[in-house]
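Below is one structure, written out as structure tokens; the observations come after it.
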Amino acid sequence: MNKAPVWLGPARLPFLALTPACLLLGLACVQWTHGQLALREAALVLFGALAAHVSVNAFNEYLDFRSGLDALTERTPFSGGSGVLPTHPELAGLTLAMAIGSLCASVGVGLYFVALRGPALLPVGVAGVALVLAYTRWLTRHPLLCLIAPGLGFGPLMILGTDVALTGAYSATAAVASLVPFFLVNNLLLLNQFPDAQADRQVGRRHLLITAGPRVAARCYAALTLAAFASLVLGVAGHWLPPSALAGMLTLALAVPTVRAVLAHACDAPRLIPAMGRNVLICLLTPVLMAIGLLLS
């Protein structure tokens, strides 16, 4: 925050790294299946995806401020919001404008590719817009939807959307590859909810931490981690992905101690902070390593 204008805080700039990490996997799938990649179009897809990510971050910051959640949470490096609006409430209107403007920019990019490639992109685009608009206000009140919404956005919707935007068709490679970030990004948001559970309960949220408790949520985290790496192995075994994509398995060195820590400290949120940091690295590095493997195959 000390290196960027304060009004950019609600965009959560450090968290935007997740978008290029996941998008790179989608681009690598296109390169591997089609043997070529239009770099200008790829850059435009990246712009649209970043705009969507900024939009959901800004909507979340604005709505959490309006609901009073920001005043209840104890912020960590990975959860609790940016803290900008509680200290600068005059920026609330600008944050809402950022959310709406970024969403419009993302929709504009999507419509360009619909005109270029045809209507196959429409279902993915409509689902993505619905996720951005519905996440904070509605999906956080439904435990299962709250659990899977982040992974849907950064996994199937982003990677399949990239595939269709650049090729005009869906591919099994992109679909299978998207399962890895689907499970990992679900875990990213799940683990980041541990410190916020009590505050979330007070404003009406109903995610897994609230409805089932931290021990069940920790076991769910372990199951999703297993599912992520198992889907990668099965994707290679089924010949949807090349063996070099198994480079993503290198992050098991981080995942194993992280799962152990989450299971051991599920009821002690402060002791989960190191695990939350490793969890971010797992989410960023795994799709990048898979993408490198695809590009080198």
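The values are calculated or read from the model by the stated rules, or taken from the named source; none is laboratory data. Treat the numbers as computed from the prediction; the structure is a model and nothing was measured. With ideal geometry, Cβ positions are generated from the backbone for all residues, glycine too; neighbour counts draw on all protein chains shown. Each accessible area value is taken on the protein alone, full model and side chains, heavy atoms only, with ligands, DNA and RNA left out. Shrake-Rupley method; radii C 1.70, N 1.55, O 1.52, S 1.80 Å.
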### Query
With r defined as the distance between the Cβ atoms of Leu111 and His142 and R0 fixed at 25 Å, what FRET efficiency is calculated, to the nearest 0.05?
0.30
### Query
In a GNM of the chain with a 10 Å cut-off on Cα contacts, which of His34, His207, His142 has the highest mean-square fluctuation?
His34
### Message
Are there DSSP H segments in the chain that both extend 27 Å or more along their axis (alpha-carbon positions) and score a mean Kyte-Doolittle hydropathy of at least -1.0? List them, or say none.
### Response
39-67, 92-117, 214-237, 273-296
### Message
Given all pairs of different Cα atoms, what value in angstroms does the Kirkwood hydrodynamic radius of the chain take?
### Response
19.4
#### Entry: Nearest-0.05 FRET efficiency for Tyr170 and Arg201, computed from C-beta distance (R0 51 Å)
0.80
### Task
Would you tell me the accessible area of Trp7, worked out with a 1.4 angstrom probe on the heavy atoms of the protein chains, in Å² to the nearest 10?
110
## Note on the structure
For the range 196-245, listing trypsin sites (Lys or Arg not before Pro) in a DSSP loop whose Cβ sees at most 16 other Cβ atoms within 10 Å gives Arg206
### Task
Would you mind telling me the share, in percent, of accessible area of the range 1-110 contributed by carbon and sulfur at probe 1.4 angstrom?
65
### Task
Provide, as a two-decimal number, the C-alpha radius of gyration of the range 38-87 over 2.2 N^0.38 Å, N being how many residues it has.
1.52
### Query
Under a 1.4 Å probe, what is the accessible area of the range 99-157 per residue, stated in Å²?
47
### Query
What percentage of the solvent-accessible surface of the range 179-231, computed with a 1.4 Å probe over protein heavy atoms, is contributed by carbon and sulfur atoms?
61
### Query
What does the charge count near Gln198 come to, summing +1 for each Lys or Arg and -1 for each Asp or Glu among other residues with Cβ under 12 Å from its Cβ?
-1
